[in-house]
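Every number here is computed from the coordinates shown, using simple stated rules; none is lab data. No experiment lies behind these values; they were computed from the predicted model shown. Cβ atoms come from the backbone with ideal geometry, glycine included; neighbour counts cover every protein chain shown.
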Amino acid sequence: MRKLGSLLLVCWLSATTASAFEFVRPESLGGGAPVIIEGAEVTDPQRWPATFIFKATGSGCTATAVGERVVITAAHCVGNAARGTVRVNNDIAVGLQCFHHPGYPANETTDFALCLTDSGMTDIPFEVISTAIAYPRLGHDVVLLGFGCTQAGGHDGSFGTLFEGKAKVVRRPDGRDIDTITKGGAAVCFGDSGGASYFQLTSNGNRRALVAINSRGDINKFSFLSTLATPEFVSWAVEWANQRNVAICGLDVEANGCR
């Protein structure tokens, strides 16, 4: 990513077959010697154990495990009802199926996809979705995370090294437009789509809340993040989870393995 990236203006992939894509949890930095650009830095995947590379032929995105059987990413990263696999710590790949938020793509700010695995993931702490509208406030920083490109403009085509960087919130959700917009510092880039945006609850980052999903941007300064603490996401996600008898960290007190 550039500074942590920049935003995506096009869909990266639309997988439709069982073998078309795979979520992989990396165990090391990987990816050779990356370029550090304006505010982003290489980060160890072990600090973010629920973060996955989302691979498909010729492209990729980022995703996050938020429950024993639930992964979240951006809707534009995967076809609605598409099937793929998820692999944790080189274990045998487990099947999963991804579903778009019903408002997408008519409302591009609802750029969410929830993916259901065929069996439970283990040995990783799952990130916790925030439903608190109190943060991040205007002027606060969020941490953007993703496996995207490393050079300004995204022209390097790199993908596969995990970066993190801070960006300042310049606009909160407004009506049907549920984007949180950031400017300056890190910016999401090609491949960062679907990755998580976090608000740090403590200065050292040991306590954090997942507040949005990386969606779009200008690959320079602005990032558009689909916000999770909104009625549009929460009402859909709770109903989605109840229908499938699964629990999502932050939305269900009975969720296990939450960070």
For A106 and D118 in the same chain, what is the full-extension length gain: residue separation times 0.36 nm, less their Cα-Cα distance, in nm? 1.4 nm
Rounded, prolate or oblate, given the Cα gyration tensor of segment 199-243, with a/c below 1.5 counting as rounded? oblate
Straight distance only, please: which aspartates and glutamates reach the Cα of K55 with their own Cα at less than 18 Å, same-chain residues fewer than 8 apart left out? E22, E27, D91, D156, D192
Quick calc: nm separation of the 7 Å Cα→Cβ label points for K168 and N256 -> 4.5 nm
FRET E, pair L138, I92, Förster distance 30 Å, beta-carbon r, rounded to 0.05: 0.05
Whose amide H sits under 5 Å from the amide H of R171, counting only residues 5 or more places off or on another chain, with H placed in the peptide plane? I181
Tell me, what HN-Hα J-couplings in whole Hz come from the Karplus equation 6.51 cos²θ - 1.76 cosθ + 1.60 at θ = phi - 60° for each residue of segment 159-165, using x for Gly and Pro? 6, x, 9, 7, 10, 9, x
Can you bin segment 141-227 into rounded, prolate or oblate? Criterion: square roots of the alpha carbon gyration tensor eigenvalues sorted a ≥ b ≥ c, rounded for a/c under 1.5, prolate for a/b above b/c, oblate for the rest. oblate
